[in-house]
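For reference, the structure is listed below as structure tokens.
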Amino acid sequence: MDDPITQGGDRPGPSSSPEKVRLLGLACAVPPHVLDQDAVLRAARTVFGPRLRDFERLAPVFDNAGITTRYASKPLDWLLGAPGWAEKNAAYLESAQNLLEQAARSCLRGAGLIPTDVDALVVVSSTGIATPSLDSLLMERMGLRPDTRRLPVFGLGCAGGVLGLARAAELARAVPGSNVLLLVVELCSLTVRHGDLSPTNVVATALFGDGAAACLIRCDAAADPKALNPDDSIDRDPTGPGRGLAALVASCEHTWPGTRDIMGWRVANDGLGVVFSQDIPRLIRERLRPVLDGFLAARGMTRANLAGVACHPGGVKVLSALEEVLAPVSDGFEESRSVLRDYGNMSAVTVFFVLERRLAAGATGRHLLTAFGPGFTAALLLADL
């Protein structure tokens with residue numbers, strides 16, 4: 001069960017190297033504006049109620065979402081006002097860079113590294129547009145080397161965190177000894193639209209929050225932060241990354257045909273409008289288990305061999321469906337629910353908040369990370385904590 005990370009069912013990755021891909025650092029960040037769920041409901045009732053006849057029928061979603069607080073890049077009155085797409089994207093560019101830099105610097109410090117130690121940068125986001133891409137904007141801002149390899153990833157939605165981690169692990173495995181920094185940011189609150197009176201927009205208002213995460217990934221037997229730059233004059237954390245937080249073992253993704261309308265964005269004049277179907281929990285119950293069991297069986301495992309899970313909490317109904325499919329394993333769902341309660345649905349970022357809480361709780365053993373995104377796509381990754 002200690003095979004290096006591979007992609008897909010039982011297909012090997014691009015190298016047969018026995019060296020492990022390790023997660024050496026993890027840091028999360030949120031913007032400054034706290035959204036209390038009761039306050040959001042009152043504001044939404046003021047903004048949508050007079051124009052939406054069925055608002056009171058939809059209002060219980062705010063109480064039933066399992067959310068107490070969330071964080072946003074802009075104040076509530078700005079979010080529920082009527083900013084145009086240009087204003088929203090300007091807010092996205094500013095806040096995304098601030099959050100990513102905060103998370104990245106914290107992650108590097110925790111791993112005993114500095115920005116010039118980074119060899120490759122993977123940035124995942126689906127809630128705004130940036131050209132030059134966010135990775136390019138961050139290079140000079142953070143002082144990364146000009147020869148840093150960059151990979152911007154857009155459009156994976158909630159699955160972007162798990163799939164981004166898998167892509168970063170593959171880059172690290174392809175070049176052993178290189179330091180790969182994965183950055184994920186989603187500013188979902190910016191997708192709430194004043195002029196959209198659909199039930200989906202009301203649900204999004206009750207569910208979405210903003211956040212960012214950074215991971216440092218490296219593939220070698222002895223994770224020494226000075227291996228690539230032995231300059232003793234550079235001030236690094238003397239403890240170094242050591243064994244790291246986890247070994248990334250294997251990943252898998254599966255896209256079901258005929259499900260492209262399940263999840264995604266709808267482009268409108270005032271921004272990106274969320275698309276998600278009420279069928280998501282049903283699809284998970286009906287279609288995930290064969291994919292999951294096949295992925296595990298290729299590694300000589302069953303669900304009973306898992307020590308725990310770190311599931312992206314898309315919502316309370318999604319978590320309930322996952323509990324049924326992943327049984328008998330149950331450790332980790334408490335963290336998913338507590339992250340949903342404290343931060344809401346931050347799309348691709350959320351799974352890292354769950355993983356951070358699992359690590360803080362002292363969880364050990366083989367864990368399954370899960371998330372679902374547009375396609376409709378399941379993202380799975382095995383990690384040894």
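Taking the Cα centre as origin and putting +1 on Lys and Arg beta-carbons and -1 on Asp and Glu beta-carbons, what dipole magnitude results for the stretch 243-384, to the nearest 20 debye?
Details: 15 positive and 14 negative charges, 33 e Å.
I would put it at about 160 debye.
What angle do you read, to the nearest 10 degrees and between 0 and 90, between the alpha-carbon axis of helix 160-174 and the longest principal axis of the chain?
20
Build a GNM of the chain with springs between Cα atoms under 10 Å: which of LEU144, LEU182, LEU24 gets the top mean-square fluctuation?
LEU144
For MET263, list long-range residues whose amide hydrogen, built 1.01 Å from N in the peptide plane, is under 5 Å from its own amide hydrogen.
Result for MET263 returns GLY375.
Determine the gain in length on full extension of the stretch VAL267-SER198; use 0.36 nm per residue of separation and subtract their C-alpha separation, reporting nm with one decimal.
23.4 nm
Would you calculate a helix-derived [θ] at 222 nm for the chain, using -39,500 (n - 2.57) for each DSSP H run of n ≥ 4 and dividing by the full residue count, to the nearest 500?
Working: 12 runs with 135 residues, N = 385.
Helices in the chain give a 222 nm mean residue ellipticity of -10500 deg cm²/dmol.
More than 28 Å apart: what percent of Cα pairs in the chain qualify? Don't skip to the answer; put the middle values down first.
On the way: 31640 of 73920 pairs.
Of the Cα pairs, 43 percent sit more than 28 Å apart.
Mind grabbing the base-10 log of I(q)/I(0) for the stretch 53-147 at q = 0.13, 0.21 Å⁻¹? Debye formula, identical points on the C-alpha positions, no solvent, two decimal places.
-0.64, -1.11
Using only C-alpha atoms and all pairs of different ones, pull out the Kirkwood radius for the stretch 243-384 in Å with one decimal. Please list the in-between numbers first.
Values: mean 1/r = 0.0640 Å⁻¹.
This gives a value of 15.6 Å.
With angles folded into 0 to 90 degrees, how steeply does helix 333-343 sit against the dominant principal axis of the chain? Use alpha carbons for both and round to 10.
The answer is roughly 60 degrees.
Rg/Rh for the stretch 26-219 to two decimals, with Rh computed the Kirkwood way over all alpha-carbon pairs. Mind showing how you got there, number by number?
Values: Rg = 18.4 Å, Rh = 17.7 Å.
A ratio of 1.04.
Could you go through the stretch 81-94 in sequence order and give the Karplus-derived ³J(HN,Hα) for each residue, using 6.51 cos²θ - 1.76 cosθ + 1.60 with θ = phi - 60°, rounded to whole Hz, and x for Gly and Pro?
x, 10, x, x, 4, 4, 5, 5, 6, 4, 5, 4, 4, 5
Using only Cα atoms, find the angle between the long axis of helix 316-326 and the longest principal axis of the chain, and express it within 0 to 90 degrees, rounded to the nearest 10.
Helix 316-326 and the main axis of the chain meet at about 40 degrees.
Less than 10 Å Cβ to Cβ from VAL180, Lys/Arg counted +1 and Asp/Glu -1: what total charge do the surrounding residues give? Kindly include the intermediate steps, with their values, before the conclusion.
On the way: positive: ARG149, ARG167, ARG173, ARG218; negative: ASP119, GLU170.
Overall, the nearby charge balance is +2.
Give the residue from ALA360, ALA168, GLY84 lying farthest towards the positive end of the charge dipole for the chain; charges sit on Cβ (+1 for Lys and Arg, -1 for Asp and Glu) and the dipole is referred to the Cα centre.
GLY84
What's the local net charge at SER347, with K and R +1, D and E -1, over the other residues with C-beta under 11 Å away?
Neighbour charge sum, excluding SER347 itself: -2.
Rounded, prolate or oblate: which fits the stretch 332-385 when a ≥ b ≥ c are the square roots of the eigenvalues of the alpha-carbon gyration tensor, with rounded for a/c under 1.5 and prolate only if a/b beats b/c? Please report the intermediate quantities before stating the final value.
Numbers: a/c = 2.59, a/b = 1.20, b/c = 2.16.
Oblate.
Between ALA213, ALA247, ALA44, find the one with the highest GNM mean-square fluctuation for the chain; connect C-alpha pairs within less than 10 Å.
Taking springs between Cα atoms under 10 Å, the residue moving most is ALA44.
Over all distinct Cα pairs, what is the inverse of the mean 1/r for the stretch 32-95, reported as the Kirkwood hydrodynamic radius in Å?
Working: mean 1/r = 0.0771 Å⁻¹.
Across the stretch 32-95, the inverse of the average 1/r is 13.0 Å.
Which value in nm describes the separation of the simple spin-label points at GLU94 and SER277, placed 7 Å from the Cα toward the beta carbon?
3.9
Can you list the HN-Hα couplings for the stretch 301-308, worked out from phi with the Karplus curve (6.51, -1.76, 1.60; θ = phi - 60°), rounded to whole Hz and with x for Gly and Pro?
Result, rounded to whole Hz: 10, 10, 4, 5, 7, 6, 7, x.
List the residues whose amide H sits under 5 Å from the amide H of GLY273, counting only those 5 or more places along or on another chain, with H placed 1.01 Å from N in the peptide plane.
Close amide H contacts, sequence-distant or interchain: ARG266, VAL267, ALA268.
Through the Karplus equation 6.51 cos²θ - 1.76 cosθ + 1.60, θ set to phi - 60°, convert the phi angles of the stretch 183-199 into ³J(HN,Hα) values in whole Hz; use x for Gly and Pro.
10, 10, 9, 9, 10, 5, 4, 6, 8, 5, 10, 4, x, 8, 9, 7, x
Using Cα springs under 10 Å in a Gaussian network model of the chain, which residue among ALA29, ALA360, ALA72 shows the largest mean-square fluctuation?
Result: ALA360 has the largest fluctuation of those listed.
No value in this document is a laboratory result; all are computed from the given coordinates. Computed from a predicted model, the values in this text were never measured in an experiment. Here the Cβ is made from the backbone with ideal geometry for all residues, glycine too, and neighbour counts use every protein chain on show.
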